[in-house]
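Below is one structure, written out as structure tokens, with a few remarks after it.
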Amino acid sequence: MSNSDSTETASHLHPSSAHAAAIGLSKIVVIGAGYVGLSNAILLAQAHLHTQVMLFDIDQNKIQLLQQNQSPLQDTEICDYLAHKPLNLTATMQAVIEDQGIYQASDLVIIATPTNYDVASGKFDTSSVEASIAAVRQQNATVPIVIKSTIPIGFTDNMRQQFDNQILFMPEFLREGQALYDNLYPSRIIVGASLEQQDLASALMHLYQQASLAPEVATLMMPPTEAEAVKLFANSYLATRIAFFNELDSFAEKHQLNSQSIITGIGLDPRIGQHYNNPSFGYGGYCLPKDTQQLKANYAGIPANLIHAVVDANNTRKRFIARQIIDKNPNQVGIYRLSMKKDADNFRDSAVLDVINTLKQHGVSISIYEPALETDSFEGCPVINDLAQFKQQNDLIVANRWHDELSDVKDKVYSRDVFGYS
């Protein structure tokens, strides 16, 4: 789907400080203070880089917390860096800077606004990214713009045709709750850029390498469309792996087999490995559901089965989990935590939410324990944030991930977490 870059192949770059000095990426603007934007802003604001980073967001609560060096997100490294590390970082409301010419004086703009999957249209809602590009270009016609938001395959080329060639894409590979850690120790740094932007791509790679704590990081430059495909296919592979081990676990549970033993035996094959293999109620969170749906949509007109099957398998798994709970005939079900991971407070698109909806449709009485909720009810279910009371009131406690604070009621707990890690 690349245009002018269709014959360009991926290439390793070994960026030098000369490239970075020539380009001069010191005044940086980051738009969006979610996991991606905030972790990138902190990463690039470290004092030893001698940069100045301005972070914008439309959420006043987030900005107020950041102005007090407090994190609006549950992430150990983000909290630590905001509280204890020297950072050249300023956070402010996006509306405040519209008439201040901030973009005009910047060397680099990073866009990390949300791109939710729209079921009706069958694609990501990229309106916030497009609006951000337009706002930047109203002030500065030449500043490089790096898209960090997850976008459809071919989107960057469309933006380059609509605006200019100074728009690049850098996929992020971050986990919620460990976003800054994954930036400090990146698995790879990929820049989606054209051949004529090799110096800029090299400068970006150098900047991110200098910001990381890893001694060596694999770097790769490729056309933007290929970089977009890397992001969606990488997440879809992870979703495929989750779906596989979940289906294995469904088989084991129905036949009363030890799922942990089977998975461990399989994983001893080095081609499979003992990683990313812990059963769950289904993949969820911000990335995997929407990325698999988007990739599925991108396959329109192309013969394919696997990506469609992964999406279907995840829905089947959630229905299976709900049926297992219903078949236990509980009087009162307690849902312990809504987040997908132990170390995250975000439960957007969590698999547990679909399980709850199915249970409600079957008339199951449900209460929820979720410290991140500040309301008395959620999805029509009472919220009980006194853990002792929650344990006492429910005869079955459903937990996607095991926590040691459930040890005293382990006989009540239904979980498919067989390894005890996220």
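Tabulated values for the structure
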quantity: Qualifying residue in the range 241-255 (condition: of a type in the set (A, V, I, L, M), surrounded by fewer than 17 Cβ atoms within 10 Å (Cβ to Cβ) and in a helix (DSSP H, G or I)); calculated: no
quantity: Residues being under 20 Å from Pro114 (Cα atoms) and touching a helix residue (DSSP H, G or I) at 6+ places or on another chain (Cβ under 6 Å) - total across the range 58-72; calculated: 3
quantity: Residue in the range 103-110 that is under 24 Å from Thr92 (Cβ atoms), surrounded by fewer than 16 Cβ atoms within 10 Å (Cβ to Cβ) and in contact (Cβ under 8 Å) with a residue 60 or more places away in the chain present; calculated: yes
quantity: Members of the range 203-226 that are surrounded by 21 or more Cβ atoms within 10 Å (Cβ to Cβ) and out of contact with any strand residue (DSSP E or B) (no Cβ under 8 Å at 6 or more places or on another chain); calculated: Ala203, His206, Leu207
quantity: Filtered residue count, the range 213-270, keeping only those that are small (Gly, Ala, Ser), within 30 Å of Pro186 (Cβ to Cβ) and more than 20 Å from the chain's Cα centre (by Cα); calculated: 3
quantity: Any hit, the range 230-239, residues being surrounded by 16 or more Cβ atoms within 10 Å (Cβ to Cβ), part of a loop (DSSP other than H, G, I, E, B) and out of contact with any strand residue (DSSP E or B) (no Cβ under 7 Å at 6 or more places or on another chain); calculated: no
quantity: Residue, nearest to Asp354 (Cα to Cα), within the range 318-328, restricted to residues that are open to solvent by 10 Å² or more (accessible area, probe 1.4 Å) and touching a residue at least 40 places away in the same chain (Cβ under 8 Å); calculated: Lys318
quantity: Unmet criterion (only one of (1) open to solvent by 10 Å² or more (accessible area, probe 1.4 Å); (2) touching a Gly at 6+ places or on another chain (Cβ under 6 Å)) for Phe169; calculated: (1)
quantity: Any pair with Cβ under 9 angstrom, 6 or more apart, that starts in the range 331-347 at a residue that is open to solvent by 50 Å² or more (accessible area, probe 1.4 Å) and ends at one that is modelled with pLDDT under 95 and among the acidic types (Asp, Glu); calculated: Lys341/Glu176; Asp343/Asp75; Asp343/Glu176
quantity: Residue identified as within 30 Å of Ala300 (Cβ to Cβ), surrounded by 21 or more Cβ atoms within 10 Å (Cβ to Cβ), in contact (Cβ under 8 Å) with a residue 60 or more places away in the chain and not charged (D, E, K, R) among Thr113, Thr126; calculated: Thr113
quantity: Hits in the range 385-415 - residues which are under 16 Å from Ile366 (Cβ atoms), in contact with a helix residue (DSSP H, G or I) (Cβ under 9 Å, 6 or more places away or on another chain) and either assigned to a strand (DSSP E or B) or open to solvent by less than 20 Å² (accessible area, probe 1.4 Å) (or both); calculated: Asn394, Leu396, Ile397, Val398, Ala399, Asn400, Val413, Tyr414
quantity: Residues satisfying the stated conditions in the range 268-311, i.e. assigned to a loop (DSSP other than H, G, I, E, B), open to solvent by 40 Å² or more (accessible area, probe 1.4 Å) and aliphatic (A, V, I, L, M); calculated: Leu268, Ile272, Ala300, Ile302
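The values are calculated or read from the model by the stated rules, or taken from the named source; none is laboratory data. Quantities reported herein were computed from a predicted structural model and do not represent experimental measurements. Note that each Cβ is placed from the backbone with ideal geometry, even for glycine, and that neighbours are counted across all protein chains shown. Side chains included, ligands, DNA and RNA excluded: accessible areas come from the protein's heavy atoms. Shrake-Rupley method; radii C 1.70, N 1.55, O 1.52, S 1.80 Å.
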